[in-house]
Amino acid sequence: MKTSDSRILSLILSLLISVLYNLAFLIVEPSTGMKFPWTALIWVDLILFTIQYFLVKYVLDRYIYDKIKLIYKSIHNLKLAKDEKRGFIATHKGDIISSVNNEVITWAQDRKQEIEELKKLETYRREFLANVSHELKTPLFNLQGFTLTLLDGGLNDPSINKDYLEKTQKNIERMITIVEDLEIISRLESGEAKPNVSRFELVSLTREVFEFLEPKATYRNISLIFGNEHYHDFLVLADKEKIREVLINLIENSIKYGRDNGRTKVSFYSMDENVLVEVSDNGIGIEEEHISRLFERFYRVDKHRSRIQGGSGLGLAIVKHIIEAHNQTVNVRSAPGIGSTFAFTLKRG
């Protein structure tokens, strides 16, 4: 029911009242013996009809408003002062039924989406807590085992004491890494760790990362190469140390999950205001079902293998947060047995 509907209904009711009034007058008039001029009757009818129309419309509008006011209060949590209520009525009474219908539909859709998001967040929260617990539990149990062994006499046994102390140190370092990475993500999410933007040469930075990771790549005989050996240096505006961390994470992952005797390639593409960076490998690849969750904290495609190879399980989550803190995007495409490509953009300097 729109504004026109309310007016039409008021008009129909007013006409019915006028018809009933005139019928009653025609029935009563002969018995009274009084004669009224028809012109006077028409004017009286018009005046009464006008008064009836506005009275009926006012009653209908008030009735409609009173009925749907509760709906508005429910979906908008309205709490209005008296002067605000008059403005509210004036704003909505014109097309109030249609307006409420549309807003209730929108409200229901929003609530449905909100409930779905809350369910996803609850699932994510449970998984996150379970993952944190598991990631910390493993090194803690290892530490407990090594410590008890040393206390039970192993400390005096030269064949195991040094080995167990070194393993204890490694597990402590793993726990420290997890805590530090969680702190980094927390600061990135809260906006505390804002990028320290400067202009620097991206290709030169990548060469530095290649040199840093060369020993790990050599151990598996993986070549670290550029997509084009004749790149001119791209100047970008970003936080150099954070982008260094992004490149280290992505290239190190490609070494971990690449093939022996394989290669890791970094390519650069000009995109007007941005530079596209791609880190690709010809490694084991990733199943499609895992792609959408790769950047979640502690998410591991192969949990057993990932933990053996070390790392906190937070590297890709940190990559995502760093790139998004620069108002840029990061994505991945992959195929099992072919390899993976991680791509991100940076603003040109």
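Using amide H atoms built in the peptide plane, which far-off residues or other-chain residues are under 5 Å from Tyr231 H to H?
Those lying under 5 Å, H to H, from Tyr231: there are none.
Out of every Cα-Cα pair in the stretch 123-190, what percent are more than 16 Å apart?
Above the 16 Å cut-off, the stretch 123-190 has 57 percent of its Cα pairs.
Looking at the stretch 210-246, which chymotrypsin sites (Phe, Trp or Tyr not before Pro) are DSSP coil and have at most 11 other C-beta atoms within 10 Å of their C-beta?
Passing both the DSSP loop test and the Cβ count: no residue.
Past the 28 angstrom mark, what percentage of all C-alpha to C-alpha distances in the stretch 198-348 do you count?
14 percent
Order 185-197, 242-254 from most to least packed using the mean count of other Cβ atoms within 10 Å.
Sorting 185-197, 242-254 by mean packing, highest first, produces 242-254, 185-197.
Can you quote the Å³ per residue value for the convex hull of the Cα atoms in the stretch 198-242, rounded to an integer?
With only Cα atoms used, the stretch 198-242 gives 73 Å³ per residue.
Normalised by the number of residues in the stretch 123-190, what is the relative contact order in percent for Cα pairs under 8 Å and 6+ residues apart?
Relative CO of the stretch 123-190 lands at 33 percent.
Kindly state, to the nearest 0.05, the FRET efficiency for Glu114 paired with Arg293, given R0 = 22 Å and r defined as their beta-carbon distance.
The formula returns an efficiency of 0.50 here.
Taking amide hydrogens as modeled 1.01 Å from N in the peptide plane, which residues meet the under 5 Å criterion relative to Arg348, leaving out close sequence neighbours?
Those qualifying (amide H under 5 Å, at least 5 residues apart or on another chain) are Leu237, Asn274, Val275.
Which of the peptides 279-288, 315-324 is most tightly packed, and how do the rest follow, going by the mean number of other Cβ atoms within 10 Å of each residue?
315-324, 279-288
Laboratory data are not the source of any read-out in this text; all were calculated from the coordinates shown. Keep in mind it's a predicted model, so treat the numbers as computed, not measured. A quick note on method: Cβ atoms are made from the backbone with ideal geometry, for glycine too, and the neighbour counts reach across all protein chains shown.
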